[in-house]
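To start, the structure under review is shown below, and the notes come after it.
The values are calculated or read from the model by the stated rules, or taken from the named source; none is laboratory data. Everything numeric here is computed off the predicted structure, so don't read it as measured data. Cβ coordinates were reconstructed from backbone atoms using ideal geometry, including for glycine residues, and neighbour counts include every protein chain displayed. Surface areas here come from the heavy atoms of the whole protein model, side chains and all, with no ligands, DNA or RNA. Shrake-Rupley method; radii C 1.70, N 1.55, O 1.52, S 1.80 Å.
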Protein chains: 2
Amino acid sequence: MSAVIPDNLKNLLERPLIVAFATSNPDGQPQVTPVWASLEGDQVWINSAVGRRKDRNIRANPKVTVLVIDPQNAFHWAEIRGEVVEFDESDAALAHINKLSGMYAGNDDYYSFNPEGKGKEQRVIYKIQPTRVNGM
Amino acid sequence: MSAVIPDNLKNLLERPLIVAFATSNPDGQPQVTPVWASLEGDQVWINSAVGRRKDRNIRANPKVTVLVIDPQNAFHWAEIRGEVVEFDESDAALAHINKLSGMYAGNDDYYSFNPEGKGKEQRVIYKIQPTRVNGM
């Protein structure tokens, strides 16, 4: 059961728009945070650090949802429901957060913004395979 | 267990910003949609129609979460986790959707945008009592 993101919604993920990323807390409360994201083929990749609330939520329940809204046009948005099919903790996770940092903050050295995290956290990519896409 | 939205985050809900509204589907997948919202005292009110997916989700699990991001400043955002403590299906629900329509679309006759819904749907206000607020 996998879904493809149509081209008219893909462009939202190709721009550096902050997305709303939803996971589920153990008590069933949605946790929704603003995050960076990248479109990689048909997948959406999000990057965090091992052990955070979000990370523990995803490992317990890999069903996650991303909402992105065009800030210039509220009628242009995409909801991507999907499943995290891979947790990548290799060196690629550091390369990915640096890529996101370049896209969103114009500086591809992520730890220049987060010096206290350098060497102290394990970055991880959540590779989200879409299962259903809504939007307009 | 209730939380107060601090003034520096309240202003996000006083502006006509589209919010990301998360509920939980029966299979544990977060459902996240862009919606209008109003701040009413310490509560956040959202308006929909009885019988929709969102409505059925909330009746099964009233734990919901709202994320609002300032489109001009991604570092200014609020996540309001809460519980729907009242479903208001009285005439107040129609007055509320018209109020939101005025705030967000500049026309307080909601059904001028949605003529096919007029008289065919039961509007409902979800009154969300915050239980935890994050943001900056």
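For the range B:60-136, the square roots of the Cα gyration tensor eigenvalues, ordered a ≥ b ≥ c, give a/c of at least 1.5 with a/b no greater than b/c, which places it in the oblate category. Each copy carries a label point for A:Y111 at 7 Å from Cα toward Cβ; from one copy, the others' points are 6.2 nm away, ordered from shortest. Remark on the range A:50-90: accessible area falls by at least 30 square angstrom from chain-alone to full-complex state for A:K63, A:T65, A:L67, A:I69, A:P71, A:A74, A:W77, A:E79, A:R81, probe 1.4 angstrom. Distances between equivalent label points of B:G51 across the copies, with each point positioned 7 Å along Cα→Cβ, amount to 5.1 nm, shortest listed first.
Using a Gaussian network model on chain A with a 10 Å cutoff between Cα atoms, which of A:A93, A:A20, A:A74 fluctuates the most? Among A:A93, A:A20, A:A74, the largest GNM mean-square fluctuation belongs to A:A74. Before rounding to the nearest 500, sum -39500 (n - 2.57) across all DSSP H runs of length at least 4 in the protein assembly as shown and divide by the residue total; then give [θ] at 222 nm in deg cm²/dmol. About -7000 deg cm²/dmol.
Computed about its Cα centre, the charge dipole of the protein assembly as shown is approximately 460 debye, with only Lys, Arg, Asp and Glu carrying charge at their Cβ.
Mind checking the mean number of beta-carbon atoms from other chains within 10 Å of the Cβ atoms in B:10-20?
Working: counts 0, 0, 0, 0, 0, 0, 1, 3, 7, 4, 14.
Mean partner shielding for this stretch: 3.
Note that the range A:120-136 has calculated 3J(HN,Hα) couplings of 10, 10, 9, 6, 8, 9, 9, 9, 9, 8, x, 10, 7, 10, 10, x, 7 Hz, one per residue in order, obtained from phi through the Karplus relation 6.51 cos²θ - 1.76 cosθ + 1.60 (θ = phi - 60°); glycine and proline are x.
In peptide A:31-39, what is the residue-averaged number of other protein chain Cβ atoms found within 10 Å of each Cβ? Provide the component values of the computation, followed by the final result.
On the way: counts 8, 16, 6, 13, 0, 1, 0, 0, 0.
The shielding value for this peptide is 5.
Computed from the C-beta positions of B:V50 and A:E86, the FRET efficiency with R₀ = 30 Å rounds to 0.15. Summarising the amide proton neighbourhood of A:S24: residues at separation of 5 or more, or on other chains, whose placed amide H is nearer than 5 Å comprise A:Q31. Label-point spacing at A:Q122 relative to the other copies reads 5.1 nm, in ascending order, each point sitting 7 Å out from Cα along Cα→Cβ. Each residue of the range A:18-31 was assigned a 3J(HN,Hα) from its phi angle through the Karplus curve 6.51 cos²θ - 1.76 cosθ + 1.60 (θ = phi - 60°); the sequence is 5, 10, 8, 10, 10, 10, 10, 5, x, 8, x, 7, x, 10 Hz, with glycine and proline shown as x. Once Rg and the Kirkwood radius are both taken over the C-alpha atoms of the protein assembly as shown, their ratio Rg/Rh works out to 0.97. Note on B:119-127: average number of Cβ atoms from other chains within 10 Å of each residue's Cβ is 0. Which values of log₁₀ I(q)/I(0), to two decimal places, follow from the Debye formula for chain A at q = 0.13, 0.14, 0.18, 0.20 Å⁻¹ with a uniform point scatterer at every Cα? With no solvent term, the Cα-only Debye profile gives -0.53, -0.62, -1.03, -1.25. Largest accessible area first, the residues B:F87, A:F21, A:F113 order themselves as A:F113, B:F87, A:F21 under a 1.4 Å probe with ligands, DNA and RNA left out. Computed from phi, the 3J(HN,Hα) profile of the range B:33-47 under the Karplus parametrisation 6.51, -1.76, 1.60 (θ = phi - 60°) reads 10, x, 9, 7, 8, 10, 8, 10, x, 8, 9, 10, 10, 10, 10 Hz, with x in place of Gly and Pro.
Please go through the residue pairs B:K63/B:K118; A:K127/B:K118; A:K54/B:K10; A:K63/A:K99; A:K63/B:K127; B:K54/B:K99 and name each one whose alpha carbons sit more than 32 Å apart in this structure. Too far apart for the 32 Å limit: A:K127/B:K118.
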